[in-house]
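Asker: Shown below is the structure under consideration.
The values are calculated or read from the model by the stated rules, or taken from the named source; none is laboratory data. Worth saying up front: this structure is predicted, and the values here are computed from it rather than measured. All Cβ positions, glycine included, derive from the backbone under ideal geometry; neighbour counts span all protein chains shown.
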Amino acid sequence: MSLRFLVVFTFLALIRPSSLAAQKELAQSPRILSAKTVYFDNQTGSDAVGKNALVQLKKWRRFQIVPDRKQADLIFLLSADPYRGGNIIMSGGQTGGIDSRGHIQEDPVPNYNKQSRTRYAYLTVIDATTGDNLWSEEHVWGGLLTGFNSVGNRLIRDLEKQTKK
């Protein structure tokens, strides 16, 4: 049993660095690097997590935080679910998604439970004009050792580190 765990753990450790490398490339997007203003949208359901993330974003002092998404170059979406452009349930009960251009795509089989893994938070950087996902990162929500409400703070710091490289 412990040998299986070791093999699985080693396999997962080898996979994770490649996905981090891909995220680092995305954080170097010219649209992120040239942006001046951001709108911060906390949809985690936790005011403390959103407040801590906003404090970290202000400490970074890289972007001007604006109160209206129409004035922003980027939208920083902090959520408990991954960003997909939008999920919908149509009047007939069929589920689907809506992309950034407003096109609706129905799911082949209705799926009423489109939720993320529990105890994860997601920070997504969205182009305010096009709705494109420019960068996204997930992090375990936290606990006794890492801080129960520190996940937003950590995600902002991850973005800051990746844009500096």
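Asker: Looking at the structure I just gave you, is residue 13 within 17 Å of the chain's Cα centre (by Cα) and modelled with pLDDT under 75?
Answerer: Spelling it out, it is not the case that residue 13 is within 17 Å of the chain's Cα centre (by Cα) and modelled with pLDDT under 75.
Asker: Just for region 130-145: of the residues that are surrounded by 13 or more Cβ atoms within 10 Å (Cβ to Cβ) and out of contact with any Lys or Arg (no Cβ under 7 Å at 6 or more places or on another chain), which one is modelled with the lowest pLDDT?
Answerer: So, considering only residues that are surrounded by 13 or more Cβ atoms within 10 Å (Cβ to Cβ) and out of contact with any Lys or Arg (no Cβ under 7 Å at 6 or more places or on another chain), the one modelled with the lowest pLDDT is 142.
Asker: If you don't mind, another one. Kindly indicate whether residue 58 is surrounded by fewer than 16 Cβ atoms within 10 Å (Cβ to Cβ) and at pLDDT 85 or above.
Answerer: Criteria met by residue 58.
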